1. Work out, in µm²/s and without decimals, the Stokes-Einstein translational diffusion coefficient of the protein assembly as shown at 20 °C, 1.002 mPa s, Rh from Kirkwood over C-alpha pairs.
2. Would you report the distance distribution of C-alpha pairs in region B:87-182 as whole percents per 10 angstrom bin, up to the bin with the largest distance?
3. If the cut-off is a Cα-Cα distance under 19 Å, which aspartates and glutamates reach C:K179, setting aside same-chain residues fewer than 8 apart in sequence?
4. For region B:110-181 and region B:263-278, write down the distance between their C-alpha centroids in whole Å.
5. Size of the dipole of region A:83-296 about the Cα centre, Lys and Arg at +1 and Asp and Glu at -1 on the beta carbon, nothing else charged, in debye to 20?
6. Compare B:I317, B:I273, B:I260 in a GNM of chain B, Cα atoms joined below 10 Å, and give the one with the largest fluctuation.
7. Using only the alpha carbons of region C:116-253, what is the convex hull's orientation-averaged projected area in square nanometres?
8. Give the distance, in whole Å, between the Cα centre of region C:148-179 and the Cα centre of region C:323-355.
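Since every read-out is calculated from the coordinates, none of them should be taken as a lab result. Everything numeric here is computed off the predicted structure, so don't read it as measured data. Counting neighbours? That spans all protein chains shown, and the Cβs are built from the backbone with ideal geometry, glycine included.
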Amino acid sequence: MATSMLRRHPGQQQPGYSPSAARRTRDRVMTIVLAVVVAIAVAVLVWVLAYVAAQGFKYLSPAFFTHTPPGNPASYGGGYANGIVGSLIIVGIAALISVPVGIAAAVAIIEYGGRLAAAASFITDVLVGVPTIVTGAFIYALWVIHFGFSGLAGSIALALVMLPLVIRATAEMLRLVPVHLREASAALGVSRARTIVSVVLPTASSGIITGVFLAVARAMGETAPLLLTALGDQQFMQVHPTQRMSTLSLQIFTDAISGFQAAQARAWAGALTLIIIVSLFAISARLISRRATITRS
Amino acid sequence: MTARPASPGAGNGRVLLQRRRRYGDTVFRAAMLTAAGLVVVVLAAMAVFLVTQSLPALRHYGPLSFLGSDRWAPSDATPAGTSPNPYGIVQFIYGTVLTSVIGLLIAVPMSVGIGLFITGIAPAWLRRPLSYVVDLLAAIPSVVFGFWGIFALIPALQPVVSFLTGTLGKIPVIGGVFAGPFFGLSYFTAGIILAIMVLPIVTALCREIFATTPADEKEAALALGMTRWEMLRTAVLPRSRAGIIGASILGLGRAFGETIAVTMVIGNNVLSITKSIFSTGATMASVIANEFTEATEPFHLDSLFVVAMWLLIISLIVNVAGKLAVRRIRGDLA
Amino acid sequence: MRARFPAVAVGVLGVALAAAACGSTGSSSTAANSTSVKAMWGSQNATRCAAAVNTKPDYPNTIGTIKGGATTLSGAGSTFAAPMYSQWSSAYDTASKVAVAYASIGSGGGVAAVQAGTVNFGDSDVGMTPAEIAASKGPVLQIPLLLGAVVPTYNLPGIAAGLKFTGPVLGEIFAGKIKTWNASALKKLNPGVNLPDEPIAVVHRSDGSGTTGIWTDYLTKTSPVWVSALGGPSQSSGKTVAWPVGIGGKGNEGVSAAIAQTKGSLGYLESDFAISEHLTYGQVQNKSGNFVEPCIATIVPAVDGVTFPSSLNVSLTDGSNANVYPVTGTTYALVYEHQTSKAIAAGLVNFFAWVLTAGQDQNVSLNYAPLGSALQALAYAQLKKITINGTPVA
C-alpha cells in the first residue's frame, strides 16, 4: 500500500512549512484520546474474562464435568455434566439440520440464481436480524404446543438461528471460487451438479467449515430460544432429544439468577466452561480459514 | 456479479449420457432451489404463526389498543372484558428503545474512535490483533454478560450512579429522568451491557467503511500539510458519515433483539413506564422471556405473541434499513 | 503473521487468567448476622419454636408399589416447593430408580404446563381455579404435599433477624405507600432498632407465582390500603398482581438473589430459601396479636379449624390459632384424574404415595412441615381417584 508516505511527519514533505504548535498538540491529544478509547474496549474485555475466570476457577474441577448438580441446589458439589452433554446433543442436531440446508440454499443463491434465489438471499439477511426469543416463540407455537418441550424443539430453534449464518458463510466462499474452475469442469463434460459437488464445494470447503464452526459457537451460547423450547432438566442427565434437556447455557442462566451461593458457584464454573468451548470453536474456525485461503489467480 | 458456467455437453452424439446427466442436474437443481425456498418459507411461516397466535387477543381488544396503553396487568384480565386493554405494551417498546439508545450513545462514538485508530493510527502489525480482540467481545455469550453484569458491573456502577443521581437528579424539569433510588437493576445497567455487546459489530463495520477511503484522498490531505488527526477528520470521516449511520442502525437492530443479558439486569418491572433511567423496567424481549411459559390468564399468552410480533416487526425494519444503508457503501451482495 | 490471531486470543486469555490469579473483584452484598436464628428471637418465640413437633410422622404406605410404572416422570411448577421436590426426587431415585425431573418455573408455569399437557404433573401453591381446570384437558386432582411459610426477608447490614411486621404495614410497603425504612409505622413496631433512613427496595416475583398467591392472599385479608391500591380484592390477590413498585425476581430463587444483592431490600420468600442462604427475615403479627417467628411449630397449626372442600383447595393464611405464623400455605401437586398412559399413571401413583408417606419424614430437614394426619389422609385418598381407562390405578 502506498500509505508508507502517510507515516512521515507531514512537515518533512514540504520543507519550510510545518503545522502550528496548536494543531500539533490537537493531533497528539486526539491520538491519545483514540488510544484511550481502544484501551477502554480492551480493558472491558479483559475485565469480563478475568472476572469469569477468577470466579470460575474457584469451583472448576474434573468432577464438574462428570457430575450432575446435587439434589438440593443450595448444597455445594456436583457439576454440569448434564448441561454439557445436552448442549453437545442439541447443537449437534441443530447443525445436522442447518448445515445441509444452508449449504444447499447457498448453492442455489450463487450457482443457480433466479428470482427465488434472490429472494432467499435477501431473506437470509433478514433472518440474521430476527431476535432469538422470537424464534423461540415461533417454535413454541409450531412444535411445542403439539409435541411438548423437548431437546428436539430446542434443536429446531437453534437450527433456525444457525441457518442464515451458514448460508452467508457458504455464499461468500462460493463466490470466491474462480470461474475458470467451473468452466474447466464444464469443458470436460462434467454435469453441473457434479461440478458443484466435486469441484466447487471442495474448493470452498475450508471456508464453509469456518462458517459452520462460527455458527456452532454462536449456537452454543444461545439461551433465549431454549427457554421456550427445551425448558431444561436441572437435575438429571438426559440424552433422549424427545425429552426435556438441559444445556450449559440454560443451567448457567437458571443458577446465576438463583439466590443460592452454591448454585452461583457452579454457574461461574459453567460460564468459564462455556467461554472456553465457544473460544475453542471460534479459534479453530480462524485456524482453518487461515490454513487454506482461496487466492484469485 | 456471479458468472455461471456454460451448460455441459455441447451436443456430440452421446445423447443417452446427456439425458441422464440432465436428469441428474434437474433433480439436483430442484433440491438446491427447494432449500432456498425453505428459507423463504421459514420467514413467512414465522410471520404467519406469530400473527395467528396473536389474533385472538388482537380481535378481542382491538389491534390498536395494545399500542394505546402502557399498563401491563395480566391480573386485570377477564375473559369478557374488552376495555381498557390490560395488556398495554407501550412501556416495553419504551424499554427496548431506551436501553438500545443508551447502548448506542455509548457504543457508536467508541466504535468510530476504535475504527479510526485501527485504520488510521495503529501501526500495521497492530491492526489485525486489535481487530480480533474487539471481535472477541462478540464471542462472549449473552448469559455470561448478564451474569458478569449482576456481580461485577453493578457494584462498580453504584458510586458512579450515586454521583449522577445526586447531581443530575436534582436539576429541575429533567431531574426526574436521572432520579434515584438506584438498586442496581435498571434501564441504565441494561444500556451499558448492550453497549458492550453492540460494540464489536459497529466497530467492524466502521473499520470496513474507513478502510474504503481511497488512499490518494488521504495522501492528498497529508500532502496539503494536515496533521494525521486533521486528515482523518476531513478525508475519512465526512465521506463515512452515511456508513456510520448504517452501522449504528444495524447495531440498534442487534440491541433490540438482545434478550438474556437484558432480562438479568433490568429488574422486570412490567407495570408501566418508569421515568428514571436508573429505575427498574422491562423490554419487549425480557417480558416474553419472563412470562411466556406461565401465561395462564385470559389472553395473556396471545398478548405475549402480540409483543413478539411487534418485536419482530421493529427488528426487521431496523435491520433491513441498516443493511440497505450499509450495502450502498460496501456494495456487496449478501 | 498466520498464527497471529490464535496467539492474540491465547494472549488475551492469558492476561485474563493472570488478572484472575491476583484475586477476584466485586462481591455481592449479603445480609449480615448469620448467627443462630434462635438467638435473635425473643424468649417467647424461642419457646414456641422449640416446642416439640412430630417431625417424622412415619405414615404407612398402604397402596404399595404398582408394577409397570414409568422410569422417568416430568413435572414443573412452584418454586415454593422446589427445594423439597429436589430432595424427594433424589431420595426417590435412590429408593426406586425412577427419575422424577422437576422444573422450578413458578406455579403459573406449572398450571400452564398441565393445561397444555406438556408435563406429567404440575405443582401450584394456590391450586387451580375452576376456570383453570375447565381450560385443561380434563378434571385435575389437587394433592397437598407439605406446609410451608412465606417470610418477609430483608437486607439491612447491621440489623439482626426478627424485625416485627404487621399485615397492614406490609401492605403499605408493597403498595409503595411506605417508602423508607425509618418510617414511623416501622419504628413504632421496632423500638430500639436503628432503622436507617434508606429507601425500601421492594422485591417481588416477576413470574406467575403461588408464593405471591399466598402472600397477596394474606395482604388482602389484613391490609385495606393494599386492596385499594390494587383496585379491589379480585386484583389484589393471585398468582400475578400488578405490583405498583419494586424489582421483579424470577422464582423464589430470583427473589432471594435480588434481596442478597440489594441493600435495603425487602421481599417475600419461602422460608427455606431465606434460611439456606442465611438471609435475615422477620416476624409477622397474627390474628391473635402475637408476633410469631416462622418455624415448624408455628406452621403446623395453620390447618386448625380449616374445613377442606372436596377439591382440597383452600387458603391457610391468617389462622386463628394463638401461636400460628399467619403467612402459611401448602403446595398442590396437579395430576389429571383420568390418565391416558398406564405407565405414567402407575409411576405417578407410586411417586406421590411415597411422597405422602416416607417423603413426609424429610420435610423438616428443609424447614417445611409435614402434613398433619387429617390432611395427609385426605391427600392420600386423592391418589385413589387416579384412573386409567376407567379403572382406578391404586
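1. 70
2. Whole-percent P(r) values from 0 Å outward: 12, 26, 34, 21, 6, 0.
3. C:D197, C:E198
4. The distance from the Cα centre of region B:110-181 to that of region B:263-278 comes to 20 Å.
5. 580
6. Result: B:I317 has the largest fluctuation of those listed.
7. Hull-based average projected area comes out at 9.7 nm².
8. Cα centres, region C:148-179 to region C:323-355: 32 Å.
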